[in-house]
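Structure record follows, encoded as structure tokens.
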Amino acid sequence: MHELSLVAELVEACSQRAGGAPVSLVRVRCATTIPEAALRESFRLLAADGPLAAAVLEIEPLEVPLACPCGSTAAPAATDVVGHLAVCPSCGAVSAHAATPGLELLEVL
Ligand SMILES: [Zn+2]
């Protein structure tokens, strides 16, 4: 449940920024290697009771390219990434995917 811990940190950061005031919108930048559905589900769960309960989660996709020996720098989809290993969308080789920031908080309104 990698997403859950990421979102737990996000919810914590949002609450601090909002200082207890109700939040209506949370904008994040999120690596496309993180499944968006899992992210939204985690957010809904963790924000359910608190100042973020009514907040809309806006996700800006961040493509994290894979540096594969075949020369491809295409960004692997979430389904192509397992932990820190990714399957190259071009040649199918498995390589280590650079550790990404994953989730970045942009704005809390
Ligand atoms: Zn490749």
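Read the figures in this text as sums done on the coordinates, not as results from a lab. Since the model is a prediction, treat every value here as computed from it, not as a measurement. Ideal geometry is used to build each Cβ from the backbone, glycine not excepted, and the neighbour counts take in all protein chains shown.
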*Where a label projected 7 Å from the Cα of Leu106 along Cα→Cβ would reach, residues of segment 15-32 with amide N under 17 Å*: 24-32
*How many Å³ per residue does the convex hull of the Cα positions in the chain occupy?*
82
_I need the GluC sites (Glu not before Pro) found in segment 44-109, filtered to DSSP loop residues with at most 14 other beta carbons within 10 Å of theirs._
Glu63
*Contact order normalised by residue count of segment 2-108, Cα under 8 Å, 6+ apart, percent*: 34
*Charge context of Ser24, other residues only, Cβ under 12 angstrom, K/R +1, D/E -1*: -1
